[in-house]
Each structure stands twice: as C-alpha cells, then as structure tokens.
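Student: First the structure, which I've put down as structure tokens, then a few questions once you've had a look.
Here, each number is a calculation from the coordinates, and none is a lab measurement. What you see is a predicted model; the values in this text were computed from it and never measured. In this analysis, Cβ positions are derived from the backbone assuming ideal geometry, glycine residues included, and neighbour counts consider all displayed protein chains.
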Amino acid sequence: MTDPRFYGWLWEMENEIRANVPMVYYHVWDNYPAPSFNGRFYRSTDKVVCISKLTKCILDAVSPEVDSLYLPHAVSDSHYRKYKKGDPQWD
C-alpha cells in the first residue's frame, strides 16, 4: 500500500493483530516530500519493507527507530541479463 491512511481501520486493531501475528508494511512511497504524517503508522508496525533506496531514505528520515528492510522490487541483474550475440543461448 502506498498510503496507510486508507487502512486506518487496520491500525485501529493493531493491538489485537500484533498479539497473534507480526504486522509487515510493504512500503511503496517513492517520492518527496517525506510523509511525516505516516510516522505513527510506521511505528505501529513490526517491520517496514522498503521497495527502493529512496523509500528507505524517506522512512529513515520520518521514523529512524523503525525496524526496516530494503527489498528491491526490481529484477536482480545477478540472475537475469540481456543475451548478447554469440552467447550459446542466443540461437
């Protein structure tokens, strides 16, 4: 979700949810200005997963104390690459 304010009902139940399972927020806010109004949602989540370096930078600016992880949403070039002419797979 891009903006947790649309899921306020979920955070209203966070005490009941987090008693049974961790809440993980897959964070896709990827532009400035940093959404300081989302800080309370970040702090009410067990882990925030950021899709880009910019998203991680934004989270660190708004709520540096939050447990977070940078997990890129792009395809890893260590697993996939564009074939070049002459590669055995080209034919």
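Student: Across the stretch 18-27, which residue is surrounded by the most Cβ atoms within 10 Å (Cβ to Cβ) among those that are under 17 Å from V66 (Cβ atoms) and among the hydrophobic types (A, V, I, L, M, F, W, C)?
Tutor: Ranking the qualifying residues of the stretch 18-27, first place goes to M23.
Each row is one residue, and each column tells you yes or no for (1) surrounded by fewer than 10 Cβ atoms within 10 Å (Cβ to Cβ); (2) out of contact with any strand residue (DSSP E or B) (no Cβ under 7 Å at 6 or more places or on another chain).
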{"site": "W9", "(1), (2)": "yes, yes"}
{"site": "M13", "(1), (2)": "no, yes"}
{"site": "W29", "(1), (2)": "no, yes"}
{"site": "P33", "(1), (2)": "yes, yes"}
{"site": "S36", "(1), (2)": "no, yes"}
{"site": "Y42", "(1), (2)": "no, no"}
{"site": "L59", "(1), (2)": "no, no"}
{"site": "Y83", "(1), (2)": "no, yes"}
{"site": "P88", "(1), (2)": "yes, yes"}
